[in-house]
Amino acid sequence: MRIDAFLHQSPMFAVHRTARRFDSLASRILAADEIGFLEALVLAALFFEAPRPVKPSQLAETFASTRGSLSHCISSLEAKALLQRRIDPRDARAYLLTLRPLGKRCALRAIAALDRLQKEFEDELGKPALAAALIALGRLETRAATHLHRVPRNR
């Protein structure tokens, strides 16, 4: 197609295509536990923060996610009995999240799966090239965020 030349030079299209493929890959490697990538990240974060409980707002900020998508993710994990949500005794408007025993085991499997995948990427590209790619992606993300604030919405 005529658009192919544009697509081969477009960082936006490359990032979008890669993100879709990473989502598919994450779904496949996490399928045994029936969790998605964001759910795996939430479990890993709670695992690494334990025994300290975590607020959903902290997770949303850390993962650059909306509170809505994170709320959906937390509800899903709670329904699977992987985490526990309780009201923050210092702020009745906020929740605190902790892993349940089944969630700890699931978090360990997810962390191991994501670590294996990370090692494959490092073996394929080399650690320096992977680090450089992450820096480049970070710069593109910052540039996109800057544009978001300057460009008016189409109506």
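Every number here is computed from the coordinates shown, using simple stated rules; none is lab data. Keep in mind the model is a prediction, meaning the values are calculated, not measured. Here Cβ is always computed from backbone atoms with ideal geometry, including for glycine, and neighbour counts include all displayed protein chains.
About the centre of its Cα atoms, the chain shows a dipole size close to 500 debye [charges on the beta carbon of Lys, Arg (+1) and Asp, Glu (-1) only; nearest 20 debye].
Close amide H pairs (under 5 Å, H built 1.01 Å from N) link Ile35 with no residue at least 5 positions away or on another chain. Nearest 0.05, what FRET efficiency do Leu140 and Arg21 give at R0 = 22 Å with Cβ-Cβ as r? Efficiency, rounded to the nearest 0.05: 0.80.
Using bins 5 angstrom wide from zero, how does P(r) for region 4-150 break down, in % of all Cα pairs? Going out from 0 Å in 5 Å bins, region 4-150 shows 2, 8, 14, 18, 19, 14, 12, 8, 3, 1, 0, 0 percent.
With R₀ fixed at 22 Å, the C-beta to C-beta distance from Arg28 to Glu122 puts the FRET efficiency at about 0.65. Does region 92-133 come out rounded, prolate or oblate, given a ≥ b ≥ c as the square roots of the eigenvalues of its C-alpha gyration tensor, rounded meaning a/c under 1.5 and, failing that, prolate meaning a/b above b/c? Here region 92-133 falls in the oblate category. Considering helices alone, the calculated mean residue ellipticity of the chain at 222 nm is -22500 deg cm²/dmol, with DSSP H runs of length four and up weighted by -39500 (n - 2.57) and normalised per residue. Short-range pairs are left out: with C-alpha atoms under 8 Å and at least six residues apart, the relative contact order of the chain is 18 percent. Classify region 77-155: rounded, prolate or oblate, from the alpha-carbon gyration tensor (a ≥ b ≥ c, eigenvalue square roots; a/c under 1.5 rounded; otherwise prolate if a/b is larger than b/c)? It is oblate, given that a/c is not under 1.5 and a/b is not larger than b/c. With respect to the chain, whose longest principal axis is taken over its alpha-carbon atoms, helix 67-79 is tilted by about 50°. Restricting attention to region 4-150, lysine pairs at least eight places apart or on different chains and with alpha-carbon atoms under 25 angstrom apart total 5. 3J(HN,Hα) along region 33-44: 9, 6, 10, x, 4, 4, 4, 5, 5, 5, 4, 4 Hz, from the Karplus curve 6.51 cos²θ - 1.76 cosθ + 1.60 with θ = phi - 60°, whole Hz, x for Gly and Pro. Residues whose amide H lies under 5 Å from that of Leu83, counting only those 5 or more places away or on a different chain, are Glu78, Arg100; hydrogens are built 1.01 Å from N in the peptide plane.
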